[in-house]
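**Q** Handing you this structure, nothing more for now.
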Amino acid sequence: MRSSVSYILSHAPGESVMSHPDYGQHAQHHACLLVLVKGIGGMLKNFNKLWERIQRINTIKVTDSAGQVRDIWVRYVRDYPVENNDWGDFQTHRRLLGLITLSKFTNQVELNEVCRVHESLKVKYSNTLYDSRAFMFGPISNMKKPEQEPETYSIFEGEKTIKQECNISEKASIPSEHMDSLSSSESFPRSTSSTTSYTQEENFTTPSNFKTHAMFYGENDPVPDLEQNVADLINSLFWVVESKRLERSREKLEKVSLLLAPFEKKDFVGLDMESRNNKKRCMGRVTTNLADLTLQAGLVADSLNLYHSAAEILKSVNDWLWLAAAKEGLCASSAILLYPNLRNSTPLQRNASLQESSPSKSKPLSLFQPTDPFRKFKLNSSPLRNSKTSSPINPPSELTPTSSESIDTSSRQSETDNGDTESLASSSDIEYQSPKSYLSTELPSIPRQPPSQITNQYLLNGEEIAEKYRKAIIHYSKYQNAGIIETEACFKAARIAVEQNNSLHASSFLQNVIFINLTLSEQEKIQRFDTLAELYKDIGFLRKAAFCQRLAATRQVSPNNPNPDWQRCYYLMLHSFPGHKLSLDPNYVVQHQVGWPALQIQLLQELVVAARRMGHPALATRHMTFLLQTMWPHLTKQEHRDLAIQLQALSAQCEGGPVPLVLETGEVIPPANLSHVPNCSWFTPRPLPPARAPHLVKSKAHHGPFIFTPIHFGSLERNAKKQEGKMEYLWVEGDICEVQMKLTNPLPFELKVSNMRLLTSGVVFESIPETIILPPDSPTTVNLHGTPKEIGELQILGYSTHTLGVKSNCRLKNMPMPNKFPASFTVEVIPSLPTIAIETTVTPSGNGGLSTETVGSTTNVTLYNGESTDCTIKITNTNSVPIEYLDLAIQSNIDTALQSKIFQFSNEDIQSQLPIAPDQTATITIKLYGEADFLDLGGVGGENLFPNSLTSNYPSRVGSPVPNAQTSLPTQSSNPQNSLSSGLMPHRTSGSFRSTNSYATSWSAPISVMPPSRGRQIESQLILRYSGGEGKDVHCRQSTLQINLELLPSVSITHWDVLPAEIASQLYLVLDVTNLTSEEMDFHYAPNKHILIESKESCRVPVPLDRCPFSNTNVKSDDDTTDSKSISTGTSTNSLELMCSEHITNNTDLRWNLVHSDISGRASVKGITLSQTMMDIVRMSPLNWEVSINSQCIKPQEEFNCTAGECLSLGVAVWNHLSRPLHKLCLSVQFYQDYNNGVFSYKLDNRVATAGNNKVVLTTLRESAKAYHECTVVFLTPGEYKIDIQCSTTEPILEDSTVLKEPEQPSIIQPCASEISHVWRFIPPVAISVID
Amino acid sequence: MAVCVAVIGKDNSPLYIGGIGNDTSSDNELSRQWLVHTALDALEERLTTANPNNSGTNTTTARTDLRDLYLGLLFSTDTHKIYGYVTNTRIKLVLVTSSTSPSGSNIRDAEVRTALRRLHALYADAICNPFHLPGDQITSPKFDKQVKNIMLNNV
């Protein structure tokens, strides 16, 4: 854009170089009257408010002499350099025309001073100033100013006349006035004399030389007539301008003097002013000046005309500078007409509702704005944008602005004019208007002005404005001294382009600003960048804006800058965040990861420095934390380390905390949390340890037969499952709970993380702070603890750390990407439950033989089989909740029946001790008994080995071992059977139980061969379920106590047999007892009978027993027998066997005592199996005999002596012990001789003579009835005789009872096996020795 | 004299920034990034202004595809000129040249155009690598070498 012939016409820096660029200028300011508003004297409290009110009066309507209403626009400035005033001839809007002072005074001295300053200001701008107003705010008391009012008014009047004079004489008089005021400013007291009636304190008088229209108010007055007064001022200003315009327009073009830009003065020295060229130059310049005035006077359309003609003239004489001015003027006035809202929006910028209607002013960019503001900006662009795009479609022949554009303009114009008139109506009107007619409405400020084609033909459209401006700028660029003008022109052009929404044009204009070489103060350079940034922002070039802001920021603190301002530097950088796609919210940045990291890092680092230098260490820490957190993935290891160390240094000054920081500007810097240092890779709440974990009192009913099924029926259930982060276990109120996390320190040095806590919501949770030191680069598992204090749902949101001097709240939902955590973990907290401490003691029954070990909750007990001990469990309530529910259960690897024998406890006893108050102890005693099967069936078969046979399930024992036993038992019992028939008789000698005969036959296998019983290990768990407090009905706790019981073998019964005792009602149970312990054993098998058995030795002991009482057992087993009536005989035999076995078991009392270690125990023959024969012995006989000779009762084993030929009377009485009568009982008595060699001689015809029947048949023997039979016998020869007395029945045997054989009857004789099924004998047979 | 070449992704993330740190300290990586980054605004603006015009009518949609990929001078500073080029997949190629070439002659537009076309070809070659994920930074040393070649020889 810059002219290639740049600087050709430039001159050495002239005397009055305009050096203060006004970056805030807009094109529409060409049409404004410039008014300076200044606060003087003391600081006014409501100055800003007043300033705003004044600013609002940016336009007034004035009816001119021709009766036309003109819109007069005003621009208020707070400060205006006098140098710029000098350019007033060049562009009249640069002249300062009015002055308003707002001043405060409290006493006369101050008032005088205020007046003096006001006057001196007037002098300062005396070249251009037309009128002034002074608003004086005094103390409240002298609000009323009755006397001064007329006085000042008269002054005003006087001044007005003076002004009129000076208007005519054009500034000529002003210097004199200036002299006047200067001289008189010292002589103020003169006026005091005029106010005589008031004291000095109450009345203030202005100095006499103060010739300004002054208004007096109390300091806090509402100043209702402010607007009116300002409008008054503008009105008066207008008239001056108007008069000047008229004056200028009436000038004869030939005679005009040359107008000069300030730096041009030298150039024209010595030039021929009368040349034709110069004349034209003068004409052109004057025309430009006139156009400027016309524009200011509100005749925009006229000014177009004038500008155009001026440009034509100036072009011909190559007066580029002024040509540029004319062109710029043309552009400005065109822009004013085309874009009226350009004018409206600017002063009303503060009005929020209008802000949206003016799209050029995009909202101040929010730093949190997540969406691309640039795009947003595009979307709500003004209707102009549409018109612009559509404009090329319109025929170019049309001179006027194209349809949509002008409709828009006119409707807006009418809106501004009519104020409240219905815009809808007006716009609809316009729609149907012919192009000609709406041209008139287009310039509503001069409604009666005839619409002239000429005026409008110079109106430039959007494209042309840009083009013309471009040319103007190029022309300006030819003059070095016009640099400021050029810069301002660039900004103005850019603003128009912004309004046109032509970003590229705007950017090219702005770009040009950079190239303009100006000698500016540092502050102005910054301002330039600032304005550039602002405009770039407006066109959505956020990056460009950010770049400019950063440049401005660096300028603020550059070494060239004499007074660096870190604060502004900081804010500039902060506001360049959107351009770098940064947000102040670290989570946003982490999640989106947009922008250029390298630049962002640089910016952030600079920001940290700025914040630190600004003296706000908290901010520095915050930004450094932000930098580390957001840019972590983009930083190298080394940078991590360096930045972490820097952060540590920064936080040493001011600790970082997770609270938002509020800046002075009201911006909020949200907290930045370090979640990378340390890095958490695993985070999960833990269930309570098993001992403290709550269980449901009643376990949930299972819905199906499957413990687990992958198929879920019903959508409801499925939805419930979906809830992420919901834990399946429960936490208990008041109990320490745990969250496990894995932390890694990514920094190369040791990192101390202190005060780690859990962040929770929901119920109250007391977190226990934790401090850890993390070694570099190795994952460490950390457990965080805490106690929930309420019942309900607890959400665990994350954790807080304090590391590198920064406190962070690391929330799971904001965790950096690689680890995906749910937003929160939810754990249900249930009411508090009691806790217990368990102490187990086992009372040892002996000394040393039994070892008790309690390891933790495991108790090891060693018992010998048959031994018993007490295990005492002490339960102490260690919590504050009483235990109201206690339940004891045992689980073990053995079946329940055996288990209940080994572990015996009383449930009632437990329940009676409830409730257990806090710190109270309850005691539960469990009796442990070394239950075992002492019968060693070893050698019989594998199945009968101890592990199996230990099961006390009798039927199974009957089921399996008995078939074997039947094969084996006959060897035991059939032998005696055989031997009894032949060989048992002779061994009648009492106590001959160890007869070799019997021994050899019954116990064929040597005992030593029998495998010794092995020890067993029983693992059992004592499960204590307890509960209390509020939630006792739902939840309970469970403690498990492990009891390992080792059962050692003590004694073993390897073989057994039964023998009839001397008395019929008794029998001997003969047992082979083996001592399996390693000690000598004292074995008690009967009252007063015991035997010492050496270790590993075996002994045979006879245990005297009563026979199994017939009736008794009958009654007992009645159910069995009646049941089994129809069942086969085999089963009934078994049930009988059971009965007998039980009888034996119950009546044997076997006890052992280890002599050395004083351990005692019991043994039992439980499960003993009996063969048929053995059973017969065990059972009591159903028939009871009483045999008497000569009325003398015969005792068993007793020999009866008599002499030959003696008559003996033999009486036999039979009692029926059965529960039923016996029929057809045949009782027979038979004599025989035993040769003791197994031969019996029954042929005793010649030796014995009997009288009476030796065989009687009893038809019926009732139960419990007695039958008696007597016969007489005479032994004829001496010798040994025996009598065989027997009873037989021919009746078919009725199962069990009849099956019972007389145990003492060797049932060898079985006459008519079919008929006589049972024979009972009286044994032993009665022996009679007959002597001579 | 080209000083820097940048490849910028669809989402305006930097894919590759290569430069020849030949002379001054200001020519370091960071300042290059600033330059390219600020050029993105103008680049985007050109793309958005190009689009509505083209897509306004159906007849001109075909022109969109045939649109010249070369965008020309984006903006210039005292020391640098920045040229833009956009592929059809919206990958932006930015070439930064120093305004004052040592030979004294100004760089011609055509030269830049050809350089950017070659760069486009190189880029296409580079992302043909099956192991390259679109959107990732280009780390190919070969690409780097060739780009540097272009910068040194061509312009």
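**Q** Please go through (1) facing chain A (nearest Cβ under 9 Å); (2) at pLDDT 80 or above for residue B:53 and return the number of the only condition it doesn't satisfy.
**A** All conditions pass for residue B:53, except number (2).
**Q** Another one. Would you mind stating whether residue A:598 is within 13 Å of chain B (Cβ to nearest Cβ), more than 29 Å from residue A:645 (Cα to Cα) and small (Gly, Ala, Ser)? Show your work before the answer.
**A** Working: within 13 Å of chain B (Cβ to nearest Cβ): yes; more than 29 Å from residue A:645 (Cα to Cα): no; small (Gly, Ala, Ser): yes.
Judged against the criteria, residue A:598 is not a match.
**Q** Given the criteria small (Gly, Ala, Ser) and more than 14 Å from chain B (Cβ to nearest Cβ), does residue A:576 qualify?
**A** Criteria not met by residue A:576.
**Q** Being at pLDDT below 80 and assigned to a helix (DSSP H, G or I): is that true of residue A:146 here?
**A** Numbers: at pLDDT below 80: yes; assigned to a helix (DSSP H, G or I): no.
Against the criterion (at pLDDT below 80 and assigned to a helix (DSSP H, G or I)), residue A:146 does not qualify.
**Q** Also: Having 2 or more residues that are modelled with pLDDT of 85 or more is the bar; report the helices (runs of 4 or more DSSP H) wholly within the stretch A:569-651 that clear it.
**A** Of the helices (runs of 4 or more DSSP H) lying wholly inside the stretch A:569-651, those with at least 2 residues that are modelled with pLDDT of 85 or more span A:597-613, A:617-630.
**Q** Which of the residues belonging to the stretch A:51-72 are more than 18 Å from residue A:97 (Cα to Cα) and in a loop (DSSP other than H, G, I, E, B)?
**A** Scanning the stretch A:51-72 gives A:64, A:65, A:66, A:67, A:68.
**Q** Kindly provide the set of residues from the stretch A:515-528 that are of a type in the set (Val, Ile, Thr) and crowded, with 17+ Cβ neighbours inside 10 Å, ordered by number. First the steps, then the outcome.
**A** Step one: filter the stretch A:515-528 for residues of a type in the set (Val, Ile, Thr), giving A:516, A:519, A:526.
Once the filter is applied, which keeps residues that are of a type in the set (Val, Ile, Thr) and crowded, with 17+ Cβ neighbours inside 10 Å, the stretch A:515-528 yields A:516, A:526.
**Q** Please indicate, with yes or no, whether at least one residue in the stretch B:106-115 is within 14 Å of chain A (Cβ to nearest Cβ), assigned to a loop (DSSP other than H, G, I, E, B), modelled with pLDDT under 80 and farther than 22 Å from residue B:153 by Cα.
**A** Among the residues of the stretch B:106-115, not one is within 14 Å of chain A (Cβ to nearest Cβ), assigned to a loop (DSSP other than H, G, I, E, B), modelled with pLDDT under 80 and farther than 22 Å from residue B:153 by Cα, which makes the answer no.
**Q** Taking the stretch A:1241-1252, which residues are modelled with pLDDT of 80 or more and either farther than 20 Å from residue A:1193 by Cβ or not small (Gly, Ala, Ser) (or both)? Show your work before the answer.
**A** Applying the first criterion (modelled with pLDDT of 80 or more) to the stretch A:1241-1252 yields A:1241-1243, A:1246-1252.
Within the stretch A:1241-1252, A:1241, A:1242, A:1243, A:1246, A:1247, A:1248, A:1249, A:1250, A:1251 qualify.
**Q** Could you pull out the residue among A:533, A:494 that is free of Cβ contacts under 8 Å to residues at least 60 places away in the same chain and more than 20 Å from residue A:468 (Cβ to Cβ)?
**A** It is A:533.
**Q** Let me ask another. Take the residues in the stretch A:517-560 that are within 9 Å of another protein chain (Cβ to nearest Cβ) and in a loop (DSSP other than H, G, I, E, B); name whichever of them is nearest to residue B:32 (Cα to Cα).
**A** A:541
**Q** Out of (1) more than 23 Å from residue A:128 (Cβ to Cβ); (2) modelled with pLDDT under 80, what's the single condition that is false for residue A:258?
**A** (1)
**Q** Grab the strands (runs of 3 or more DSSP E) fully contained in the stretch A:674-774, keeping just those with 1 or more residues being at pLDDT below 80 and within 30 Å of residue A:629 (Cα to Cα).
**A** Output list reads A:726-732.
**Q** Could we say that residue A:649 is more than 22 Å from the chain's Cα centre (by Cα) and either outside the structural domain of residue A:739 (by TED's automatic domain parsing) or surrounded by 14 or more Cβ atoms within 10 Å (Cβ to Cβ) (or both) here?
**A** For residue A:649, the condition - more than 22 Å from the chain's Cα centre (by Cα) and either outside the structural domain of residue A:739 (by TED's automatic domain parsing) or surrounded by 14 or more Cβ atoms within 10 Å (Cβ to Cβ) (or both) - is met.
To keep it simple, each residue is scored yes or no on (1) at pLDDT below 80; (2) surrounded by 19 or more Cβ atoms within 10 Å (Cβ to Cβ); (3) away from every other protein chain (no Cβ under 13 Å).
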{"residue": "B:8", "(1), (2), (3)": "no, yes, no"}
{"residue": "B:11", "(1), (2), (3)": "no, no, no"}
{"residue": "B:14", "(1), (2), (3)": "no, yes, no"}
{"residue": "B:22", "(1), (2), (3)": "yes, no, yes"}
{"residue": "B:25", "(1), (2), (3)": "yes, no, yes"}
{"residue": "B:41", "(1), (2), (3)": "no, yes, no"}
{"residue": "B:44", "(1), (2), (3)": "no, yes, no"}
{"residue": "B:49", "(1), (2), (3)": "yes, no, no"}
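**Q** State the number of residues belonging to the stretch A:106-133 that are surrounded by fewer than 23 Cβ atoms within 10 Å (Cβ to Cβ) and part of a loop (DSSP other than H, G, I, E, B).
**A** Going through the stretch A:106-133 one residue at a time, the tally reaches 6.
**Q** Residue pairs, Cβ under 6 Å, 6 or more apart or interchain, first in the stretch A:1077-1101 and within 18 Å of residue A:1158 (Cα to Cα), second of a type in the set (D, E, K, R) and part of a strand (DSSP E or B). List them.
**A** A:1084/A:1151; A:1090/A:1082; A:1092/A:1082
The values are calculated or read from the model by the stated rules, or taken from the named source; none is laboratory data. As the structure is a computational prediction, the values presented were derived from the model and not from experiment. Reconstructed Cβ throughout: ideal geometry from the backbone, glycine too, with neighbour counts over all protein chains shown.
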